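The values are calculated or read from the model by the stated rules, or taken from the named source; none is laboratory data. Fair warning: this is a prediction, and the values are worked out from it, not measured in the lab. For neighbour counting, all protein chains shown are included, and Cβ atoms are generated from backbone atoms with ideal geometry for every residue, glycine included. To get the accessible areas, we keep the full protein, side chains included, count just its heavy atoms, and leave off ligands, DNA and RNA. Shrake-Rupley method; radii C 1.70, N 1.55, O 1.52, S 1.80 Å.
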Amino acid sequence: MAARGCGVVWRRALQRGPGGCCSACRPCRAVACSARGGAEPAGRSGLAPWVPVVGLEIHAQITSNSKLFSGSQVQFAAPPNSLVSFFDASLPGTLPVLNRRCVEAAVMTGLALNCTINKKSLFDRKHYFYADLPAGYQITQQRVPIAVNGSLSYSLCIDNKMSQMVTKTVRIKQIQLEQDSGKSLHDDARSQTLVDLNRAGVGLMEVVMEPDMCCGEEAAAAVRELQLILQTLGSSQAIMAEGQLRVDANVSVHRPGEPYGVRTEVKNINSLRFLTKAIDYEIERQIKELENGGTVLNETRAFDSKLGCTVPMRDKEGKQDYRFMPEPNLPPLILYDAKSLPANVNNQQVVNIDWIHERLPDLPSVKRAKLVELYGILPEHSFTLVNEDGLMEFFESVVKQTRMKPKKVIGWILSDLLSHLKQHSLTAKESPISSFLLADLLNLLENRDISSSAAKQVFEELWKGEGKTPLEIIKEKQLELIRDQEELEQICQAVIDEREEEVMAIKQGNEKVINKLIGLVRKATRGRANLLLDCFSQIGYASRSIVCLPFPAASAKGG
């Protein structure tokens, strides 16, 4: 059964307090009435609601020129097995050498997520057999990771209304450094599996989030905020389409007041949209299974994006023994702060936590606050600017190049530019309209050289990417404002002459009909009669002998 929207996932879920779901989550709002008895299906009103619980494990590929323990280059889509060192292939006698850049990236990420950085952390071997793991074990940090006990605040909107947002917090259990494995390529036609070790040994940060979420919408919002933080720090490019950010979701349901239920793990989800669908489907599946008298298995599942459902991969009933042991070839990782830094040692010889902390850039939450303060825009607008790739930089570039107020510019950015970008699946960096061209167009509008409706037409022409400037398009399409008052009066008179019913309505005191006449004038002039004031005055002048009514106060804003 395909996963349905969040709003119908749970028929009887419970609104939870701190750490649980809140009224911002659509699934929980949708079933709140059920929990109170208002929308409970017949014969089921006596059943207690279900409480969904979601935790996440996120693997972020560290932005580094070389791998975690070898000097092999890191490059996406390189020819198979072209970036493999002797250590990556696990040849006898090879030893790991820790990459300093990866350590600094993990410390930076931990600080940004309000974690405690362990000055002494340890590496372990996690043993399991798979063809793309040539050593037979993965080097990770199971016992003492590099960072622990952090938190991540994220925002989500209510009913998809950007004006109604709520901020929530998820606890970060730990961040650990570990190796990535290789990649198995399954050729069903030839019934064989090929192994590419280019990815083997690439540095990862595993961010473990506590089970503080209750639906796919919350999980996706938390992961998106983490993605923005990683990209801002430069610790990871976090491009999900390239496998640089992969999410495992742990999902369970239970009755209120009872222990957590048996959880399933949905592995390797590589998009926020799929993450939302996978979690919501899994919650619905588990509730139906339990209500039908079945049991939920402790198993690993995968999300099938074509079918919109999760499918079993392997069960965990017989828990796998990874035989964790200390990594004998790596000493403890020792970090320093300003107090513990040895004398006569510079920052190039050690990793200094305080030195990294002082150089942290503004995080997304700080950027949003600064946008509101600097430009006077709404908080929900700042949220969109920061969350959309490259849109904040585009907006600020336009503001610097135009005389139009930022509050007006934001309307063009969010209503016109962003809608076109989403329609064509583009980012702001890929926009066929540069910030310079948009600023040029807005300057013409601000100077009242064109009307707002004409500006929309120019925008559409600019989107075609034919290399024309706004001024060239205006001249070519004859979109300049009609400056000749006599010409405008004649157009208005013609409109009045053709609309006897509207004239009669105005005579009878219906002043709202004036707006219809103005719309007809705009159509007749192809948007070249810019100001509402002009339209009112000209229509009033042209019809003064017919209609003896005081005209409503006209607005001086562009129409």
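In segment 78-98, which residues are open to solvent by less than 50 Å² (accessible area, probe 1.4 Å) and touching a strand residue (DSSP E or B) at 6+ places or on another chain (Cβ under 6 Å)? The one that is open to solvent by less than 50 Å² (accessible area, probe 1.4 Å) and touching a strand residue (DSSP E or B) at 6+ places or on another chain (Cβ under 6 Å): Leu83. Taking into account only those residues within segment 427-446 that are among the acidic types (Asp, Glu) and touching a residue at least 12 places away in the same chain (Cβ under 8 Å), which is farthest from Asp389 (Cα to Cα)? Among those that are among the acidic types (Asp, Glu) and touching a residue at least 12 places away in the same chain (Cβ under 8 Å), it is Glu446. Taken over segment 167-179, the criterion of being surrounded by fewer than 20 Cβ atoms within 10 Å (Cβ to Cβ) and within 19 Å of the chain's Cα centre (by Cα) is satisfied by Thr167, Thr169.
Conditions tested, residue by residue: (1) surrounded by fewer than 19 Cβ atoms within 10 Å (Cβ to Cβ); (2) closer than 22 Å to Arg368 by Cα.
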{"site": "Arg101", "(1), (2)": "yes, no"}
{"site": "Gly110", "(1), (2)": "no, yes"}
{"site": "Asn114", "(1), (2)": "yes, yes"}
{"site": "Phe129", "(1), (2)": "yes, no"}
{"site": "Ser151", "(1), (2)": "yes, yes"}
{"site": "Met165", "(1), (2)": "yes, yes"}
{"site": "Ser184", "(1), (2)": "yes, no"}
{"site": "Pro211", "(1), (2)": "no, no"}
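Being touching a strand residue (DSSP E or B) at 6+ places or on another chain (Cβ under 7 Å), in a helix (DSSP H, G or I) and either modelled with pLDDT of 95 or more or of a type in the set (Phe, Trp, Tyr) (or both) holds for only one residue in Val144, Val107, Val148, and it is Val107.
On the stretch given as segment 439-485, residues that are among the small types (Gly, Ala, Ser) and in contact with a Leu (Cβ under 6 Å, 6 or more places away or on another chain) total 2. Among the conditions (1) in contact with an Asp or Glu (Cβ under 7 Å, 6 or more places away or on another chain); (2) assigned to a strand (DSSP E or B), the only one that Pro52 does not satisfy is (1).
For segment 456-477, the tally of residues that are open to solvent by 40 Å² or more (accessible area, probe 1.4 Å) and either touching a strand residue (DSSP E or B) at 6+ places or on another chain (Cβ under 7 Å) or in contact (Cβ under 8 Å) with a residue 40 or more places away in the chain (or both) stands at 2.
For segment 308-330, the condition holds for no residue, the condition being that it is at pLDDT 95 or above, over 20 Å from Glu217 (Cα atoms), part of a loop (DSSP other than H, G, I, E, B) and in contact with a helix residue (DSSP H, G or I) (Cβ under 8 Å, 6 or more places away or on another chain). Number of residues in segment 59-69 that are surrounded by 19 or more Cβ atoms within 10 Å (Cβ to Cβ) and over 17 Å from Leu333 (Cβ atoms): the value is 4. Within segment 438-480, the set of residues being among the hydrophobic types (A, V, I, L, M, F, W, C) and within 17 Å of Ser415 (Cα to Cα) comprises Leu438, Ala439, Leu441, Leu442, Leu445, Ala454, Ala455, Val458, Phe459, Leu462, Trp463. Within segment 458-497, the set of residues being modelled with pLDDT of 90 or more and closer than 21 Å to Arg403 by Cβ comprises Val458, Phe459, Leu462, Thr469, Pro470, Leu471, Glu472, Ile473, Ile474. Within segment 222-232, the set of residues being open to solvent by 20 Å² or more (accessible area, probe 1.4 Å), of a type outside the set (Val, Ile, Thr) and touching a residue at least 60 places away in the same chain (Cβ under 8 Å) comprises Arg224 only.
Scanning segment 382-420 for residues that are hydroxyl-bearing (Ser, Thr, Tyr), free of Cβ contacts under 8 Å to residues at least 60 places away in the same chain and over 19 Å from Asn447 (Cβ atoms) yields Ser382, Ser397, Ser415, Ser419. If you go through segment 84-104 and keep only what is in a loop (DSSP other than H, G, I, E, B) and in contact (Cβ under 8 Å) with a residue 60 or more places away in the chain, you end up with Val84, Ser85, Phe87, Asp88, Ala89, Leu95, Pro96, Leu98, Asn99. Of all residues assigned to segment 65-83, at least one qualifies as being within 33 Å of the chain's Cα centre (by Cα), aliphatic (A, V, I, L, M), part of a loop (DSSP other than H, G, I, E, B) and within 17 Å of Gln138 (Cα to Cα). Only residues that are open to solvent by 100 Å² or more (accessible area, probe 1.4 Å) and closer than 26 Å to Asn447 by Cα were counted in segment 483-519, giving 3. If you check Leu385, Leu360 for being among the aliphatic types (A, V, I, L, M), open to solvent by 20 Å² or more (accessible area, probe 1.4 Å) and closer than 19 Å to Leu228 by Cβ, only one passes: Leu360.
Taken over segment 239-275, the criterion of being assigned to a loop (DSSP other than H, G, I, E, B) and not charged (D, E, K, R) is satisfied by Ile239, Gly243, Gln244, Pro256, Gly257, Pro259, Tyr260, Gly261, Val262, Asn270, Ser271. Per the conditions (1) aliphatic (A, V, I, L, M); (2) over 17 Å from the mean Cα position of the chain (by Cα); (3) over 15 Å from Thr63 (Cα atoms), the sole criterion not satisfied by Met205 is (3). Taking every residue in segment 329-357 that is on the phi < 0 side of the Ramachandran plot and pairing it with any residue that is of a type in the set (Ser, Thr, Tyr) and open to solvent by less than 50 Å² (accessible area, probe 1.4 Å), at least 6 positions away or on another chain, the pairs with Cβ-Cβ distances below 6 Å are Leu333/Ser121. What are the residues in segment 189-238 that are out of contact with any helix residue (DSSP H, G or I) (no Cβ under 7 Å at 6 or more places or on another chain), part of a loop (DSSP other than H, G, I, E, B) and at pLDDT 95 or above, if any? Leu197, Asn198, Arg199, Ala200, Gly201, Val202, Gly234 - these are the residues of segment 189-238 that are out of contact with any helix residue (DSSP H, G or I) (no Cβ under 7 Å at 6 or more places or on another chain), part of a loop (DSSP other than H, G, I, E, B) and at pLDDT 95 or above. Under the condition of being in contact with a Phe, Trp or Tyr (Cβ under 8 Å, 6 or more places away or on another chain), under 13 Å from Trp50 (Cα atoms) and buried (at least 18 other Cβ atoms within 10 Å of the Cβ), the residues counted in segment 255-299 number 3.
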